[in-house]
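Take this structure first; my questions come after.
The values are calculated or read from the model by the stated rules, or taken from the named source; none is laboratory data. This structure is a prediction, so every number in the text was calculated from the model and none was measured. Note that we place each Cβ from the backbone using ideal geometry, even for glycine, and neighbour counts take in every protein chain shown. With ligands, DNA and RNA removed, areas are computed over all heavy atoms of the protein, side chains included. Shrake-Rupley method; radii C 1.70, N 1.55, O 1.52, S 1.80 Å.
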Amino acid sequence: MPHFISPMIRRRPDADKLNTASHAVQEPRTNAPANQESAPSPIAQGTEQPAIEQSTSQPEEQPQIPPDIRVSEGGFRQIRDESLVLLSQGISHRIERSEEGPFQIFVEPEKRRAAQFQIRLYHRENPPRDENPPLPLKFTLHPLWVLAVPIACTLLDFSDIATQMHNAGIADAAKILRGEWWRTITAMTLHADSRHLASNLVSGFLALSLLHYRIPLAKLVPFLAVASAVANFFVALTVQTSFRSLGFSGFVFATIGCLAVIEFRLMPRETHGMLRRFAPLCGAASLAVFLGLGENADILGHLYGFIAGILCGFIPKKKTLRWGAPTVAADIFWIAAYYALFITGWALAL
């Protein structure tokens, strides 16, 4: 047990009280006359045995003390700080170390809620600054509602249902500069062939899954969609010729840039020096170059999308990124805004 705190003292039955009770039961026999001690009467013999049985069975009838409840588990520094918080509030507790290694804090059952409230309040006001543990990777289906838009539009484009979608929605630089700004939105939902669609869906699913581990997608996806559309506009502004492009890759690169900035902001300054904080940005930039180069690749679209995603990475608060943001009813508004953006673009295009 660490030396910085004393163990909690529990109130338990006193052995002296039990001995006093047993002597009180046997006291009438010691005050009896001498002539009755050698030959006790049958009544005395009959009452003596139950008295002994009562004294021996009394400790078994004591109420059982409920076991202590664990309210926290973690490393030495975490448990030390939480213990000091509980001590400052007068909440008695004890600290143990489990067989697996981490330290644990135990309190009495009636003090569990007060202890948990003080620990949550402390962490809410003092977010961790000295470490950024990696998040466990697990499968999630949240990116599917984001990818449903390019999937549906591309399948309609490949079919004979809407024959004018391709020409009406592709990003034509000359037409965009003449005022058809909605092409910067509709072009994200179109693809050249099935291979182009599959590559964007796989890379987009992985990037969105990693982003979902840090913050719910509904809180950032509408901003990424707008940033991708702005990136397509800057491509047209840079080229200013009959340049045509399409695909969801600009959105994917915006997601990679946003995720890189989030990891950069969460990287502690005290750990491994200042240059260590730039590792997520360097890694994301290398990944963007690796994925962005290829035959018929829209290099400018990938570059501008990555830069636009970097700006989106500064939208969420740092405290929200550290402690997470629960999904609330207001997120439905952002999901509706994401779909409304593409509905508006296609409504103007058709």
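Given (1) polar (S, T, N, Q); (2) within 18 Å of L311 (Cβ to Cβ); (3) without any contact (Cβ under 8 Å) to a residue 12 or more places away in the chain, identify the lone condition not met by T184.
Answer for T184: the failing condition is (3).
Does L155 fit the bill of being surrounded by fewer than 16 Cβ atoms within 10 Å (Cβ to Cβ), more than 13 Å from F251 (Cβ to Cβ), aliphatic (A, V, I, L, M) and in contact with a helix residue (DSSP H, G or I) (Cβ under 8 Å, 6 or more places away or on another chain)? Quick ask: steps written out before the conclusion?
Working: surrounded by fewer than 16 Cβ atoms within 10 Å (Cβ to Cβ): yes; more than 13 Å from F251 (Cβ to Cβ): yes; aliphatic (A, V, I, L, M): yes; in contact with a helix residue (DSSP H, G or I) (Cβ under 8 Å, 6 or more places away or on another chain): no.
So L155 does not fit the description; no.
Filter region 95-113 down to residues that are farther than 13 Å from E73 by Cβ and open to solvent by 50 Å² or more (accessible area, probe 1.4 Å), then give me how many there are.
4
For region 123-143, indicate whether the set of residues that are closer than 30 Å to D68 by Cβ and polar (S, T, N, Q) is non-empty. Steps first, answer last, please.
Initial filter on region 123-143 (closer than 30 Å to D68 by Cβ): 123-128, 130-131, 133, 136.
Right, trim to polar (S, T, N, Q) and you get 126.
Yes, some residue in region 123-143 is closer than 30 Å to D68 by Cβ and polar (S, T, N, Q).
So which residues in region 154-170 are of a type in the set (V, I, T) and in contact (Cβ under 8 Å) with a residue 40 or more places away in the chain?
The first filter runs over region 154-170 and keeps only residues of a type in the set (V, I, T), leaving 154, 161, 163, 170.
T154, I170, listed by residue number.
Here are Q89, Q62: which of them is over 23 Å from the mean Cα position of the chain (by Cα) and at pLDDT below 85?
On the way: Q89 fails: at pLDDT below 85.
Every option except Q62 fails the conditions.
Here is a list: I105, I119, I151. Which entry is modelled with pLDDT of 90 or more, under 30 Å from N167 (Cα atoms) and not hydroxyl-bearing (S, T, Y)?
On the way: I105 fails: under 30 Å from N167 (Cα atoms); I119 fails: under 30 Å from N167 (Cα atoms).
The conditions single out I151.
Kindly indicate whether any position in region 90-104 is of a type in the set (D, E, K, R), in a loop (DSSP other than H, G, I, E, B) and either out of contact with any helix residue (DSSP H, G or I) (no Cβ under 9 Å at 6 or more places or on another chain) or without any contact (Cβ under 8 Å) to a residue 24 or more places away in the chain (or both). Can you show your working first?
The first filter runs over region 90-104 and keeps only residues of a type in the set (D, E, K, R), leaving 94, 96-97, 99-100.
Pick out the ones that are also in a loop (DSSP other than H, G, I, E, B) and you get 99-100.
Still in the list and also either out of contact with any helix residue (DSSP H, G or I) (no Cβ under 9 Å at 6 or more places or on another chain) or without any contact (Cβ under 8 Å) to a residue 24 or more places away in the chain (or both): 99-100.
Within region 90-104 (the criterion being of a type in the set (D, E, K, R), in a loop (DSSP other than H, G, I, E, B) and either out of contact with any helix residue (DSSP H, G or I) (no Cβ under 9 Å at 6 or more places or on another chain) or without any contact (Cβ under 8 Å) to a residue 24 or more places away in the chain (or both)), the answer is yes, since at least one residue qualifies.
So which residues in region 193-215 are of a type outside the set (A, V, I, L, M), open to solvent by 20 Å² or more (accessible area, probe 1.4 Å) and under 18 Å from K138 (Cβ atoms)? Break it down into steps so the answer makes sense when it comes.
Step one: of region 193-215, the residues of a type outside the set (A, V, I, L, M) are 193-196, 199-200, 203-205, 209, 212-214.
Imposing the further condition that a residue be open to solvent by 20 Å² or more (accessible area, probe 1.4 Å) reduces the set to 193-196, 199, 203, 205, 212-214.
Those that are of a type outside the set (A, V, I, L, M), open to solvent by 20 Å² or more (accessible area, probe 1.4 Å) and under 18 Å from K138 (Cβ atoms): F205, H212, Y213, R214.
Condition (residue is farther than 21 Å from A225 by Cβ and at pLDDT below 75) applied to region 313-322: is it met by at least one residue?
Yes, the conditions are met somewhere in region 313-322.
Filter region 220-245 down to the residues that are in contact with a strand residue (DSSP E or B) (Cβ under 6 Å, 6 or more places away or on another chain) and open to solvent by 40 Å² or more (accessible area, probe 1.4 Å) and list them by number.
To start, the set of residues in region 220-245 that are in contact with a strand residue (DSSP E or B) (Cβ under 6 Å, 6 or more places away or on another chain) comprises 232, 244-245.
The one that is in contact with a strand residue (DSSP E or B) (Cβ under 6 Å, 6 or more places away or on another chain) and open to solvent by 40 Å² or more (accessible area, probe 1.4 Å): R244.
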